[in-house]
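Student: Next up is a structure, given as structure tokens.
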Amino acid sequence: MQSDVKQPSAIAWPITLSGFIIGLFLSFSLLSGDEQGRVNLMFLLLVFVLIPLLSLLLSLFSLIMHAPTNLAAILSRLPLMSNQRQRHLMHLRQLGVDQTWLLLQSQYAAMAYALASLTVLFLLLLISDVNFVWRSTLLKPQQMQPLLELIALPWWFWDSAQPSLSLLIDSQDSRLDNQAFAQQALGNWWPFISASLVFYALVCRLLFLLPLRLMISKRMASDLESQLTQKIQEHHKSHAQHEVRARILESLPEPYVIYNWDALSDALMQTLPEVQDAQALYQRGDPLTDVSPLHVVIVVKAWEPPLGELEDTLEHLQGIIYPVDFDAQQPQTLDPTDLDEWRRFTAKLSGWQLYSRSATSEGTTANE
């Protein structure tokens, strides 16, 4: 049953088995006939055509009105399903598709009913002589034929399963009439009966079942997607909370030298107040020699993510990383996302610190 729960459209076997058992007993009682072994065609049409059609209409009503008017809804109140299936049904109720699921299980049960009836029909045709007759006080063969032709319209291509007028006349029975029937004529009803059962009790249910499966699968897929999104967000949130970030220095330790890593223009560099207080200004490519005991301040573009080349260069040095950003050729406050990226990058480097004149120390020292 555990695999069924993982597949929301899977068959709930206790409900389906109930439909199969009902089909076995009802079909066998009807097809066994009376004491002369005659089977009433009108009763078969009632059970194999009219009841399936009415049940299908009831299922449509249940789907539209969200009413529990189906076999599975009734059986779900009985102790037929396992605790695991009951918990699954409760989960479907939370998603608002429990009635659709019960309706789907009713279609499975109806198809099992049809399969049981077909099994009994062909078994009796194989091992016994089934004689189909019909009786009616009000209807005559000429009046019965249009109704039966309408029922047989879906299989118009099967000639032997069409109800002819001669077959109706030959198989009409009267309790007061002891006429001898043509045994071959009485048995010729089986193609019509089997086709009626296959189409109205099996095929129609299958056509109704497929959209129900699609509805449930789409709803469950949507729920699975939302659960996955939620888990990803929780993972990112948890990861972000525990991710190490470098502390932001509030001021530069003196004395220091500036190293222009990203080759910013002289005009931009001169807008930085820290450049005015530096002991020296180095450009990218200049060797950093004779700088001890001065602190090395690496100026980088904050809007560009740190690259592996920078990490390789800083790996064997010590100093301070100073990401900067500009607006209209003037220094501006760093974007929080950019600043956060440089804090994570600096935290991975041994011997390096992070400085940002535009950032405050508030809220930046936790977990560092």
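The values are calculated or read from the model by the stated rules, or taken from the named source; none is laboratory data. Just so we're clear, the structure is a prediction, and the values are computed from it rather than from any experiment. Cβ coordinates were reconstructed from backbone atoms using ideal geometry, including for glycine residues, and neighbour counts include every protein chain displayed. These accessible areas exclude ligands, DNA and RNA; they are computed on the full protein's heavy atoms, side chains included. Shrake-Rupley method; radii C 1.70, N 1.55, O 1.52, S 1.80 Å.
Student: Rounded to the nearest percent, how much of the accessible area of the range 248-355 (1.4 Å probe, protein heavy atoms only) is carbon and sulfur? Walk me through the intermediate numbers first.
Tutor: Values: 2600 of 5680 Å².
Carbon-and-sulfur percentage of accessible area, whole number: 46.
Student: Between THR337 and ALA267, what FRET efficiency follows from the Cβ-Cβ distance if R0 is 41 Å, with the result rounded to 0.05? Present the calculation step by step, with values, prior to reporting the outcome.
Tutor: Numbers: r = 27 Å, r/R0 = 0.65.
The value I calculate is 0.95.
Student: Stretched out fully, how many nm does the piece from LEU53 to LEU125 gain, at 0.36 nm a residue minus the Cα gap? Before the final figure, lay out each step's value.
Tutor: Numbers: separation 72, 0.36 × 72 = 25.92 nm, distance 2.50 nm.
Stretched fully, the LEU53-LEU125 segment lengthens by 23.4 nm.
Student: For the range 324-341, what does the Karplus curve 6.51 cos²θ - 1.76 cosθ + 1.60, with θ = phi - 60°, yield as ³J(HN,Hα) per residue in whole Hz, taken in order and with x for Gly and Pro?
Tutor: With coefficients 6.51, -1.76 and 1.60, one gets 10, 9, 9, 9, 6, 6, 10, x, 9, 5, 6, 5, x, 5, 5, 4, 5, 5 Hz.
Student: Suppose the chain between ARG213 and LEU150 were pulled fully straight at 0.36 nm per residue; how much longer would it get relative to their current alpha carbon spacing? Mind showing how you got there, number by number?
Tutor: Working: separation 63, 0.36 × 63 = 22.68 nm, distance 3.03 nm.
Difference between extended and current length: 19.7 nm.
Student: Moving to a separate point now. Please work out how much length the chain gains when fully extended from VAL203 to SER251, using 0.36 nm per residue of separation minus the C-alpha to C-alpha distance, in nm with one decimal.
Tutor: Here the answer is 9.3 nm.
Student: Please give the net charge around TYR282, taking every other residue with its beta carbon less than 14 angstrom from that of TYR282, where Lys and Arg add +1 and Asp and Glu add -1.
Tutor: Working: positive: ARG284; negative: ASP262, ASP266, GLU274, ASP286, ASP290.
Cβ neighbours under 14 Å give a net charge of -4.
Student: For the range 248-355, what does the accessible surface come to per residue with a 1.4 Å probe? Please give it in Å². It would help to have the intermediate numbers written out before the result.
Tutor: Values: 5680 Å² over 108 residues.
Value returned for the range 248-355: 53 Å² of accessible area per residue.
Student: Hey, another quick one. Going by amide H atoms built from the backbone, whose H comes under 5 Å of the H on TRP189, apart from near neighbours?
Tutor: PHE132
Student: What share of all Cα pairs of the range 248-355, in percent, falls into each consecutive 10 Å distance bin?
Tutor: 14, 52, 33, 2
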